[in-house]
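Structure first, commentary second.
The numbers here are math on the coordinates, done by the rules we state, and not lab data. It should be emphasised that the depicted structure is a prediction, and the values quoted were computed from it without experimental measurement. Every residue, glycine as well, gets a Cβ built from its backbone with ideal geometry; the counts of neighbours run over all protein chains shown.
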Amino acid sequence: MAHGPAKGIGRWLFTTNHKDIGTLYLWFSFAMFLLGGFFAMVIRAELFEPGMQIVRPEFFNQMTTMHGLVMVFGAIMPAFVGLANWMIPMMIGAPDMALPRMNNLSFWILPFAFALLASTLFMEGGAPNFGWTFYAPLSTTYAPDTVNYFIFGVHIMGASSIMGSINIIATVLNMRAPGMTLMKMPMFVWTWLITAFLLIAVMPVLAGAVTMMLMDINFGTSFFDAAGGGDPVLFQHVFWFFGHPEVYIIILPAFGVISHIIPTFSRKPLFGYSSMVYATASIAFLSFIVWAHHMFMVGMPIGGELYFMYATMLIAIPTAAKVFNWVSTMFRGSLTFETPMLFAIAFVILFTIGGFTGVMVAIAPSDVQYHDSYFVVAHFHYVMVAGAVFSGTAAVYYWLPKWCGRMYDETMAKLQFWISFIGFNITFFPQHFLGLAGMPRRYADYALQFSDWNMVSSIGAFIYGSSQLLFMFIVIRAIRSGKQLSEPKTWEGAEGLEWTVATPAPYHTFTTPPEVK
Ligand code: CU1
């Protein structure tokens, strides 16, 4: 075999370089984001007006399921793993990730997982139609081929996540530059370290859930089948023991990103660094003991409902501490509003709205009304889209000049921000009204009184969707022909910006790894 670096496609297939692997993760997640977004456009087109228009109800259910699965596991999670690969070694002064070959493997099994999932679209039974939460017995009695492929896909995806997490933990705990103590680590590294532990804790639980499904379908067990002595509610307990921490797996790295951007554009250090670390850790801990707040309607004993209600509301405390710290960082700072900062501020405002509606749905007696309505859909899209996707976009605008040494078109990027900010709110704010008025989620059709807000929501979705194509255009144009930047290739020293910054985050001093003794 020839020596020296591989060329062409081989460079990407065999790469052990954390930057290359980060780039692969980011492009893969963006491709999945466009695919999941396409499914969302199908959903909103069908719901544009009452009556059946463009898809059959069975296919509509497949679209809602695939949209959720692709967005959660294909778009958002890999995007933040990509950011981790790119930034963590540079932030802690490590030459690469601790386990570079496993890093390559954890990326390259992902496309196979999603090829398995996507192949079900062309199977006789069709794609999964049981929602991204795949409750048994709905999922265990669906077309077995589809479900078996789905289960295998989930297993591969879980293996990828666990390998990625082991890598991050090994890197952060062993490869920090001299002087980079844990309490000096940049917040993005802290949030990812904690997230990696969450992943290692809950991914095996998800694997257990789908393995029990596999046994029920193929090997005659009855874990979730009441007729054989099993219990369908068991599925919900196991699933949400994974599913609730999963929400924080998605959002904690987003918190980390925001904790970098706001100090930079406020020209102040992050307010309350250590309280940020402890808040992140307590959110992670609490995320393990609140799972049944998704199950207030299954007939829990009242004591259980009260416990899960109050435990859930506790999470508002560390989360509010974080919002307080971000706002305090901005307070009396000399703010400027470049694109990453616009997305970061939008994150704080919109995520807080999602947090408030989260407290609303956490209140068990109220949740009897909200459960399975569009109010819940509105709530978690404020958390997932305005939370995770906005911060991921902010991160790309913030770090792209560092990654490729070229600047994007700031005017177009600001335009893209405003289109997506307005489009997002037109899409999802009316869904609060629809849910409160009683519109259930996951149906292809609805009663006439819901027509107006559904039309508004669909128009907003098309606006938001097109803003993502503009985002792709801006990024590709920046990479191919953006203005070259002089060193250092970061926002802090970017050419054409009239300000310079006393760097708030310690990682800039570690961009060049010091000699390892
Ligand atoms: Cu939850």
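Helix 18-46: angle to the longest alpha-carbon principal axis of the chain, degrees 0 to 90, nearest 10? Once rounded, the angle reads 40 degrees. Rounded to the nearest whole Hz, the Karplus-based 3J(HN,Hα) values (6.51 cos²θ - 1.76 cosθ + 1.60, θ = phi - 60°) of the stretch 432-442 follow the sequence 4, 5, 4, x, 5, 7, x, 6, x, 8, 6, with x at glycine and proline. Once both labels are positioned 7 Å from their Cα atoms along Cα-to-Cβ, the gap between Thr336 and Ser451 label points is 5.1 nm.
A cut-off of 5 Å between modelled amide H atoms, ignoring neighbours fewer than 5 places along the same chain, links Lys483 with Met407. Shape index of the stretch 20-499: Rg/Rh, with Rg the Cα radius of gyration and Rh the Kirkwood radius from the inverse mean 1/r over Cα pairs, equals 0.95.
Helix 110-119 and the longest principal axis of the C-alpha atoms of the chain enclose an angle of approximately 30°.
Of Thr181, Thr133, Thr357, the sequence from fewest to most neighbouring Cβ atoms within 10 angstrom is Thr181, Thr133, Thr357. Across the options Ala143, Phe219, Ile463, the greatest Cα extent toward the positive end of the charge dipole of the stretch 20-499 (unit charges at beta carbon of Lys, Arg, Asp, Glu) belongs to Ile463.
To one decimal place, what Kirkwood hydrodynamic radius in Å is obtained for the stretch 38-137 from all pairs of distinct Cα atoms?
Details: mean 1/r = 0.0626 Å⁻¹.
It works out to 16.0 Å.
Per-residue Cβ neighbour counts within 10 Å put Lys268, Lys483 in the sequence Lys483, Lys268, beginning with the fewest. Angle of helix 374-383 to the longest C-alpha principal axis of the chain, folded into 0 to 90 degrees and rounded to 10: 20°. Could you pull out the pairs from Lys19/Lys483; Lys322/Lys402; Lys184/Lys402; Lys268/Lys322 whose alpha carbons sit more than 24 Å apart here? Where the Cα-Cα span goes over 24 Å, the pairs concerned are Lys322/Lys402. Amide H contacts of Tyr446 (H built 1.01 Å from N, in plane; Pro and chain starts excluded): Gly51 sit under 5 Å, all sequence-distant by 5 or more or on other chains.
Please get the size of the charge dipole for the chain, origin at its Cα centre, with Cβ charges of +1 on Lys and Arg and -1 on Asp and Glu, quoted in debye to the nearest 20.
For this selection, approximately 1580 debye.
Listing Tyr464, Tyr370 from fewest to most neighbouring C-beta atoms within 10 Å gives Tyr370, Tyr464.
Each residue of the stretch 78-93 was assigned a 3J(HN,Hα) from its phi angle through the Karplus expression (A = 6.51, B = -1.76, C = 1.60, θ = phi - 60°), giving x, 4, 6, 5, x, 4, 4, 4, 5, 9, 4, x, 5, 6, 9, x Hz with x at Gly and Pro. The HN-Hα couplings worked out from phi for the stretch 220-236 by the Karplus form 6.51 cos²θ - 1.76 cosθ + 1.60 (θ = phi - 60°) are x, 7, 9, 4, 10, 10, 4, 5, x, x, x, 9, x, 5, 4, 4, 5 Hz, whole numbers, x standing for Gly and Pro.
Counting only Cα atoms, I'd like the Rg/Rh figure for the stretch 194-324, Kirkwood definition for Rh. Please list the in-between numbers first.
Details: Rg = 18.5 Å, Rh = 16.7 Å.
My calculation puts Rg/Rh at 1.10.
Put simply, the amide H of Ser373, placed in the peptide plane, has neighbours under 5 Å in Arg441, leaving out anything fewer than 5 places away on its chain.
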